[in-house]
Amino acid sequence: MSQTIEVQVPDIGNFESVDVIEVHIKAGDTINADDSLITVESDKASMDIPAPFAGTVREVKLNVGDKVSQGVLIALVEASEGGSTTAPTPLATPTPAPAAAVLPEIPPPSRPIPEVPKPIAPQDTPNPVAARVEFVPGKNPHASPSVRKFARELGADLTRISGSGPKSRIAKEDVTAWIKNELARPRIEAGSSGNGLAVLAMPAIDFSQFGATETRPMSRIKKLSGANLHRNWVTAPHVTQFDNADITDLEDFRKSMQDDANKRGVKLTMLAFLMKAVVNALRTYPNFNASLSPSGDELILKQYFNVGFACDTPDGLVVPVIRDVNQKDVMDIARELGELSAKARERKLKVEDMQGGCFTISSLGGIGGTMFTPIINCPEVAILGLSRASVEPVWDAKAKSFEPRLMLPLSLSYDHRVIDGADGARFTSHLRMMLSDVRRLLL
Ligand code: CAO
């Protein structure tokens, strides 16, 4: 015959009147020996109280928030027939009384009653309480042993989870919510060229605790470009080479063509000349006009010269592409730049307007700044950033006197898997040479 046994709070050290923070069982549950019954917490530690034997829970006597000390009744548990109660502990005081009160008269047992746990001497008793977890607020994650076990089983890192309970205690629900969030997060696939990099998740912070906030949705473009930029930033080892190009003569030439351009309805900016200079440099250094194969074993060299340009729109950044720049003159390029920029800002760009690029230019020259480190538009292998040109004192050829020269800052970011530092510097030097000599540029 089964026997209903009172399971009490065991010796929990010097802790008196500690809080019950979790109750893991309910009437009707089948439990195994060592399953956690409740979790209690003192100022310094939380601990699980384990079941001393296997059985079925008949009645739970405690609720979350109760205060308990040694000897307080946790539950009435009917020991399993034939179940192992061979790990006797002083936790369970075998008292058949409640059984008699609730159970109808039972015929004599046809099978032997399982051996009832016998108290054993304290000095022989292994610590009956499941692992105590000491916590130091602000240092260790604050979670009960059962929540720790739950997190361990699911591979959740408690140091990355914010607790919603008192003293920021991490509850089972916090672990579940964190896992759900992790699964929903876009991630770099293992085995792709992204190499399965694991990036530490940003902690979820309730900023309203520090002051008023307003939450706005991110635009679709920003969400898409953000994910791409992040991938590019973590997969391509970036190096940025800075340089300054003397564009004094080029700027004079551009101004001299302005009237003609205006008559044709074209806004002729420095960017159109930069496109020509870039194509010339791409021809000279073909590795810049290339992409890595997905396996990373081959370099795919392109025989065409399509140049993209980053365009700032109210919804975020887009990169329209001007095709076959090598076959177009600056006026055609300037016209296309204007048309594609207008389309971008009116949200009229088609997918094909943004495809097929070999290299990208990001010009912040119309806005300001001295230098910046643009992120490569992968699978391209390099991107050129342009900052605002300014007049600077430059030594003349004989280094006898300073001359006021219009200098354009160049910031070339390249993928170091494909391009070595020496070639990076050669590329910007080549651009510098092209931009300082209008004749070369227009050849
Ligand atoms: N130095 C000084 N002045 C410059 C300059 C430079 N490097 N580049 C452009 N300018 C001037 C232009 O001549 C023009 O002057 P005026 O109005 O007097 O004629 C003014 O700045 C504005 O130029 P623009 O921006 O209209 O034209 P653009 O061809 O230089 O650039 C475009 C076009 C689409 C690239 C630009 O409008 C844009 O969107 N830039 C932002 C790109 C961006 O956000 N990049 C960051 C991406 S993060 O990597």
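Figures for the structure shown
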quantity: Mean separation of Cα contacts under 8 Å (6+ apart) over length of region 4-79, as relative contact order %; calculated: 44
quantity: Region 359-443 - charge dipole about Cα centre, Lys and Arg +1 at Cβ, Asp and Glu -1, debye rounded to 20; calculated: 260
quantity: Relative exposure of K276, K348, K222, judged by other C-beta atoms within 10 Å (fewest first); calculated: K348, K222, K276
quantity: Inverse of mean 1/r across different Cα pairs in region 138-184, Kirkwood, Å; calculated: 10.4
quantity: Potential lengthening between K348 and K223 on full extension [0.36 nm per residue; Cα-Cα distance subtracted]; calculated: 43.2 nm
quantity: Global form of region 346-387, assessed from the alpha-carbon gyration tensor, a/c cut-off 1.5; calculated: oblate
quantity: Added length on full extension, which subtracts the Cα-Cα distance from 0.36 nm per residue, R216 to E59; calculated: 51.5 nm
quantity: Label point distance in nm, R152-N326, each placed 7 Å from Cα along Cα→Cβ; calculated: 6.3
quantity: Ranked Y304, Y285, Y414, criterion: other C-beta atoms within 10 Å, fewest first; calculated: Y304, Y285, Y414
quantity: Interchain or long-range residues, amide H under 5 Å from V394's placed H; calculated: E403, R405
quantity: Cα gyration tensor category, rounded, prolate or oblate, for region 221-441 with a/c compared to 1.5; calculated: oblate
quantity: With eigenvalues of the C-alpha gyration tensor scaled by 5 and rooted, region 284-378, Å; calculated: 23, 17, 15
quantity: Cross-link pairs K255/K302; K222/K267; K223/K267; K44/K167; K223/K343 - those with Cα-Cα distance over 22 Å; calculated: K255/K302; K222/K267; K223/K267
quantity: Sites F207 and D260, calculated FRET efficiency, Cβ-Cβ separation with R0 35 Å, nearest 0.05; calculated: 0.05
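Values in this text are rule-based calculations from the coordinates and carry no lab data. From a predicted model like this one, the values you see are computed outputs, not experimental measurements. Using ideal geometry, Cβ is built from the backbone for each residue, glycine included, and neighbour counts are taken over all protein chains shown.
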